[in-house]
Amino acid sequence: MSNNKEKILSLWRAFNERDWQAMISDMADDFGFYDNTLGVGGIGKQAFVEYEKAFVAKMSDLNIFEIDCVDSGNVVMCIASSQGTSDGEDFLPGLPANGKRSGIRFCTVWRFDTEGRITGCEGFYDLLTYLVELGHTTIAPAQKVLKPEIPPHIAAHYV
């Protein structure tokens with residue numbers, strides 16, 4: 001396992017432990033991130049901590065697991081599962097917490113500089129699955145179009 005891959009695995013372990021300082025310990029000061037699903041991002045370690053804390057404020061038991069990283073040197077691509085209970089702030093404006101659990105698979109792409117510091121991250125995830133599992137919408141029309149023989153989503157092996 002490369003050192004960069006281990007840094008990302010450590011980052012997710014620190015997230016699960018809510019150890020925000022450990023989570024950002026390998027980041028460059030000018031670390032930048034972008035959430036492609038919500039269209040938000042920021043610059044700096046503290047901005048990233050606040051972004052992650054916002055998810056925890058919506059799902060206090062949010063956990064990252066089944067982490068699979070592909071390392072190409074200065075880029076590490078990570079596919080992982082997340083699961084949590086909607087028990088805090090509105091999931092999105094107008095979508096209140098309702099005590100339901102939801103889990104998804106997501107992808108993050110992490111970039112490193114020549115000194116091994118994490119310089120950036122882009123994230124991609126399926127917001128529709130969250131919204132369906134939390135009961136905020138349905139996908140019945142899409143299921144008719146996509147055919148019922150497609151296996152159900154396997155976003156997370158519920159723990």
query: Of all accessible surface on segment 1-129 at a 1.4 Å probe, what whole percent is carbon and sulfur?
result: 54
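Tell me the relative contact order for the chain as a rounded percent, counting alpha carbon contacts under 8 Å between residues six or more apart. Write down the numbers at each step before the final one.
Numbers: 276 pairs, mean separation 33.4, N = 159.
Relative CO of the chain lands at 21 percent.
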- prompt: Between their Cα atoms, which of LYS5/LYS58; LYS7/LYS53; LYS53/LYS100 are more than 24 Å away from each other?
  reply: LYS5/LYS58
task: With all protein chains present, calculate the accessible area of CYS69 using a 1.4 Å probe and round the result to the nearest 10 Å².
output: 10
- prompt: What is the helix-to-structure angle for 3-17, meaning the angle in degrees between its Cα long axis and the longest Cα principal axis of the chain, kept from 0 to 90 and rounded to the nearest 10?
  reply: 50
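Quick check for you: with a 1.4 Å probe and neighbouring chains kept, what is the accessible area per residue of segment 1-107, in Å²? Write down the numbers at each step before the final one.
Details: 4960 Å² over 107 residues.
Accessible area per residue, segment 1-107: 46 Å².
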- prompt: For ILE67 and THR138, what does the FRET efficiency come to when R0 = 30 Å and r is the distance between their Cβ atoms, rounded to the nearest 0.05?
  reply: 0.50
- request: For segment 1-84, calculate the relative contact order in percent as a whole number, restricting contacts to Cα pairs under 8 Å that are 6 or more residues apart.
  value: 27
message: Output wanted: per-residue J couplings in Hz (rounded whole) for segment 61-68, from phi through Karplus 6.51 cos²θ - 1.76 cosθ + 1.60, θ = phi - 60°, x for Gly and Pro.
response: 9, 3, 9, 10, 8, 6, 8, 10
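The values are calculated or read from the model by the stated rules, or taken from the named source; none is laboratory data. The structure displayed is predicted, hence computed values, not measured ones. Virtual Cβ from ideal backbone geometry, glycine too; neighbours counted across all protein chains shown. To get the accessible areas, we keep the full protein, side chains included, count just its heavy atoms, and leave off ligands, DNA and RNA. Shrake-Rupley method; radii C 1.70, N 1.55, O 1.52, S 1.80 Å.
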